[in-house]
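Presented below is the structure to which this report refers.
The values are calculated or read from the model by the stated rules, or taken from the named source; none is laboratory data. Bear in mind that the values here come from a model prediction, so they are computed numbers and not experimental data. Cβ coordinates were reconstructed from backbone atoms using ideal geometry, including for glycine residues, and neighbour counts include every protein chain displayed.
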Amino acid sequence: MSTKSLGRRGEDLAVEHLEQLGWRILDRNWRCSAGEADLIAHDPGDGSVVLVEVKYRTGTGYGFPLEAITRAKRMHLRAVCGAWLREHRESLPAGTRVRIDALGIVKAPGRRAEFTHVRRLS
């Protein structure tokens with residue numbers, strides 16, 4: 001399976017997982033000059049708009065998925081989140097909270113997916 005199709009599979013699993021939690025997906029693979037957001041979602045638990053970085057692996061031989069999120073990647077995600085907010089600010093209610101989360105998924109062949117959700121990725 002190609003890297004692109006693996007990424008797509010991971011994002012599909014992430015969408016299913018978040019929707020089961022009652023989240024609403026606002027954007028998927030949103031692109032701007034700063035880069036790409038895997039998912040932008042609404043968390044009804046606290047009303048936040050959440051940029052979700054999805055990391056998917058079929059095993060842990062190369063480490064756990066969230067270990068791939070470096071300080072540089074976090075800075076990149078902040079820039080993308082800011083660009084999304086600038087583009088969508090008029091459609092958001094005043095006072096909408098925003099955060100960046102990471103969702104790590106390990107799905108070995110023939111096994112159930114395991115999710116690790118880190119809220120407020122710093």
Qualifying residue in the range 87-110 (condition: among the acidic types (Asp, Glu), touching a Leu at 6+ places or on another chain (Cβ under 7 Å) and on the phi < 0 side of the Ramachandran plot): yes
Tally of residues being among the small types (Gly, Ala, Ser), more than 18 Å from Arg89 (Cβ to Cβ) and at pLDDT 95 or above across the range 1-44: 3
Test set (1) touching a strand residue (DSSP E or B) at 6+ places or on another chain (Cβ under 7 Å); (2) within 23 Å of Leu6 (Cα to Cα); (3) not polar (S, T, N, Q) - Trp84 fails condition number: (2)
Matching residues, the range 41-80, being in contact with a Pro (Cβ under 9 Å, 6 or more places away or on another chain) and either farther than 25 Å from Glu19 by Cα or charged (D, E, K, R) (or both): Lys55, Arg57
Within the range 1-22, considering residues that are surrounded by 11 or more Cβ atoms within 10 Å (Cβ to Cβ) and touching an Asp or Glu at 6+ places or on another chain (Cβ under 9 Å), the one nearest to Phe115 (Cα to Cα): Ala14
Unmet requirement for Ser33, which otherwise passes all of (1) surrounded by fewer than 18 Cβ atoms within 10 Å (Cβ to Cβ); (2) touching a strand residue (DSSP E or B) at 6+ places or on another chain (Cβ under 6 Å); (3) among the hydroxyl-bearing types (Ser, Thr, Tyr): (2)
So Leu66, is it within 19 Å of Asp27 (Cα to Cα) and of a type outside the set (D, E, K, R): no
From the options Ile25, Ile40, residue that is surrounded by fewer than 20 Cβ atoms within 10 Å (Cβ to Cβ), in contact with an Asp or Glu (Cβ under 8 Å, 6 or more places away or on another chain), of a type outside the set (Gly, Ala, Ser) and part of a strand (DSSP E or B): Ile25
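Are any of the residues in the range 58-66 assigned to a strand (DSSP E or B) and surrounded by 21 or more Cβ atoms within 10 Å (Cβ to Cβ)? If you could, list the steps in order and put the result at the bottom.
The first filter runs over the range 58-66 and keeps only residues assigned to a strand (DSSP E or B), leaving none.
The answer is no, given that none of the residues of the range 58-66 is assigned to a strand (DSSP E or B) and surrounded by 21 or more Cβ atoms within 10 Å (Cβ to Cβ).
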Pair list, Cβ < 9 Å and 6+ apart or interchain, from the range 102-115 residues that are under 23 Å from Ile69 (Cα atoms) and buried (at least 16 other Cβ atoms within 10 Å of the Cβ) to residues that are at pLDDT 95 or above and of a type in the set (S, T, N, Q): Ala102/Thr116; Leu103/Thr116; Gly104/Thr116; Ile105/Thr116; Val106/Thr116
